[in-house]
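Throughout, read-outs are computed from the coordinates displayed, never taken from laboratory work. These figures come from a predicted structure and were not determined experimentally. Cβ atoms come from the backbone with ideal geometry, glycine included; neighbour counts cover every protein chain shown.
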Amino acid sequence: MAGKLPDSPTGTLFGINLAQFYEASFQRKVLFFCGIGLVIAAFTPFSFSPFVGPWDLDTFRMLIWPLMAGGAYLLVAAAPPHIRQKVPPIVLQWLPFGVAYASLVVVGWMGPMGAAGMPGALAIVSYAFPILVFGMLLRASKPEDPWGRWIVGVMGAAHIWPFIYILSHLSFSGLMPILMSVSSLAALGAASLCTLYIPPLSMNPNLKFVDAFAPLITLILLLYPVAMAAMLMLGLVFEGAVITGILMGARSLLYIVAFFGVLMLTAPPAYEAIKQAILKNGGGGGGWQNPQAHAQHQAQQYGQQQAQQQWGQQQGQQQGQAQQQWGQQPGQDGQGGWNQGGGQGGQGGQGGGWNQQ
């Protein structure tokens, strides 16, 4: 079965080049449209009959925070130059990542289906699922990164309990609950299987067939939030609440892109910065270092020290010979005379070199 799956070369997902999503121009466009969408959503009601707006529910979570997040995105993507110049560059660089990550805690990556009010098992998914998806995308771009394996493995293990919870709470009361239960089982089951990606292939070649399923698992994880939002919308539409279903579904899709999606786009540079900081501070034994790279670095340093030592010895010998030759010549027009230790009589009556007193 693994041999029949379509191949995804490094840096791609079923032929889609992942690098294009990390380009600055593309990210600015996403931030611009997400910023506008969040501002509009903050003043858009959930339903018209009865009329329920974000201010009628959780004001901070549904009104204030989306406005703050939308403003932050627009600051980075479309603020006038005279305003951007007043903001430190490091703030503009880290602001989208920080806002997207904080939104996972405040709002949740699907808005109405966020962590608030959910059972503990499913609340774990709200935090662990986005990190797992980032780890799988990182693995697709850099399969040799050992940190990526651990991110995938640990976050995959975090989905085992939610998978068991969903398995024990299956609902067969209607078409939409059945579809949502099956979708959740498939996604959380695929997420739990990611635990197998912790050991590298060099340790256990028998797990090589698991690698062939990585692109498919990544695709399932990426489509799962969108599928859940679509089924939420269709469920309300089928119950007769057409306007409410469309508004709720659109809001959920917006939050998926604005929080979950932006986090995926901005996480790679943050990941690299955090990793480099840990590796840099790990020189005293506090952090993980690649043994092979560390050995090569030590060998390179040793080779440089040996080369410098040999060069210093050669220079010392040459200087010693030159000083001995100069030291055997009387000073000219000066008082340097026979300078011991290699001094040379200077022109104009000054003794050069180092005079032994």
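Here are the numbers for this structure:
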| item | result |
| --- | --- |
| Ranked list, fewest to most other Cβ atoms within 10 Å of each Cβ, for Cys194, Cys34 | Cys34, Cys194 |
| Residue order, fewest to most beta carbons within 10 Å, for Arg251, Arg28 | Arg28, Arg251 |
| Cα-based Rg of segment 11-280 normalised by 2.2 N^0.38 Å, two decimals | 1.05 |
| Order of Thr59, Thr12, Thr218 - criterion: other Cβ atoms within 10 Å of each residue's Cβ, fewest first | Thr59, Thr12, Thr218 |
| All lysines inside 29 Å of Lys208 as judged from Cα atoms, apart from same-chain residues fewer than 8 positions distant | Lys4, Lys142, Lys275 |
| Simple label model, 7 Å out from Cα along Cβ direction - Ile64 to Phe32, nm | 3.1 |
| Long-range amide H partners of Leu13 with built H, under 5 Å | Leu18 |
| Simple label model, 7 Å out from Cα along Cβ direction - Ala250 to Ala78, nm | 1.7 |
| Virtual paramagnetic centre 7 Å along Cα→Cβ of Glu239, amide N under 16 Å, in segment 31-70 | 46-52 |
| Distance (nanometres) between label positions extended 7 Å along Cα→Cβ at Ser25 and Asn281 | 3.8 |
| Relative contact order of segment 11-280, pairs being alpha-carbon contacts under 8 Å that are 6 or more residues apart, as % | 23 |
